[in-house]
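Here the structure is laid out as structure tokens; the discussion comes afterwards.
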Amino acid sequence: GDEELVKSILPEVVSEYNTTNFVPIEGPYGNMVVMCESGKKEGTLDTFLDPVAGKYFKVTDHVKLVAEETAETSVASEARDQLQSKVDEYVSAHFKSGSASVYVTGDDSFKVVINSEKSNPGSSWSGRWRSFLDVSMTSATTATVKGTIYNDVHYYEEGNVQMDTSKDIAKDIKGDSAEQLTKRIVTFIEDSDTAFHMKIDDMCKSLSDKSLKTLRRRLP
């Protein structure tokens, strides 16, 4: 029947949602992991890499976000670890409930995924900030960073208002050392996020001050 059909397709649908929306999960090795295609084992729906632990885990329930250990491991990368450390410092400082994962995608290439979500059912709103960035180390002291920042806000008190915004970013970055290069990559991410944040603030203020006035006169 319909119920059996739903049960049969639900795991795949939710797995796809979690992966494409960079949903974080508490992995079995003690780390928060942001799920995405770069972290998924090829040919599987449920096996993901914890890049900090260097081990794979299996998601046994994509709805409840339950995971268990596997015996599979990945190759360590010192450059990945350094980038992860600096990204974690940034996320910890600027996102109250943020998570970040850095995945190796090739020789001297990495994927940085950041997710932060907040909901307030009592005030009828929820929001989510996501960043999906490709980092290519073109030499020991140069890199190219490009990707997209997403911000989704949903208000649903006596109505349904949703604002989805995004911004593409890209920059060639140089440093005097590998350590300085890593710092400058994360500084670029931080500066891009800040500029995008300010743009959203200005847009919301403009909406309140101008657009809404054409729809309804504000009472004194």
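Tabulated values for the structure
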quantity	calculated
For residue 164: the one exception among (1) modelled with pLDDT of 95 or more; (2) open to solvent by 60 Å² or more (accessible area, probe 1.4 Å); (3) closer than 30 Å to residue 204 by Cβ; (4) out of contact with any helix residue (DSSP H, G or I) (no Cβ under 9 Å at 6 or more places or on another chain)	(1)
Subset of region 59-76 (residues that are open to solvent by less than 80 Å² (accessible area, probe 1.4 Å), in contact with a strand residue (DSSP E or B) (Cβ under 6 Å, 6 or more places away or on another chain) and without any contact (Cβ under 8 Å) to a residue 24 or more places away in the chain)	60, 66, 70
Test: residue in region 13-34 that is in contact with a Pro (Cβ under 6 Å, 6 or more places away or on another chain) and within 24 Å of residue 147 (Cβ to Cβ)	yes
Of residues in region 1-27 being part of a loop (DSSP other than H, G, I, E, B) and of a type in the set (Gly, Ala, Ser), the one surrounded by the most Cβ atoms within 10 Å (Cβ to Cβ)	27
Filter result (within 11 Å of residue 51 (Cβ to Cβ) and β-branched (Val, Ile, Thr)) within region 106-126	112, 113
Selection within region 107-124 - in contact (Cβ under 8 Å) with a residue 12 or more places away in the chain and not aromatic (Phe, Trp, Tyr)	108, 109, 111, 112, 113, 114, 115, 116, 117, 118, 123, 124
Top-ranked residue of region 34-51 - restricted to ones that are surrounded by fewer than 20 Cβ atoms within 10 Å (Cβ to Cβ) and β-branched (Val, Ile, Thr), ranked as farthest from residue 102 (Cα to Cα)	44
Residue in region 103-112 that is over 15 Å from the mean Cα position of the chain (by Cα) and among the β-branched types (Val, Ile, Thr) present	yes
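Here's the yes/no breakdown for (1) surrounded by fewer than 16 Cβ atoms within 10 Å (Cβ to Cβ); (2) basic (Lys, Arg):
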site: 84; (1), (2): no, no
site: 88; (1), (2): no, no
site: 100; (1), (2): no, no
site: 107; (1), (2): yes, no
site: 118; (1), (2): yes, yes
site: 150; (1), (2): no, no
site: 156; (1), (2): yes, no
site: 171; (1), (2): yes, yes
site: 179; (1), (2): yes, no
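The values are calculated or read from the model by the stated rules, or taken from the named source; none is laboratory data. It should be emphasised that the depicted structure is a prediction, and the values quoted were computed from it without experimental measurement. A quick note on method: Cβ atoms are made from the backbone with ideal geometry, for glycine too, and the neighbour counts reach across all protein chains shown. Side chains included, ligands, DNA and RNA excluded: accessible areas come from the protein's heavy atoms. Shrake-Rupley method; radii C 1.70, N 1.55, O 1.52, S 1.80 Å.
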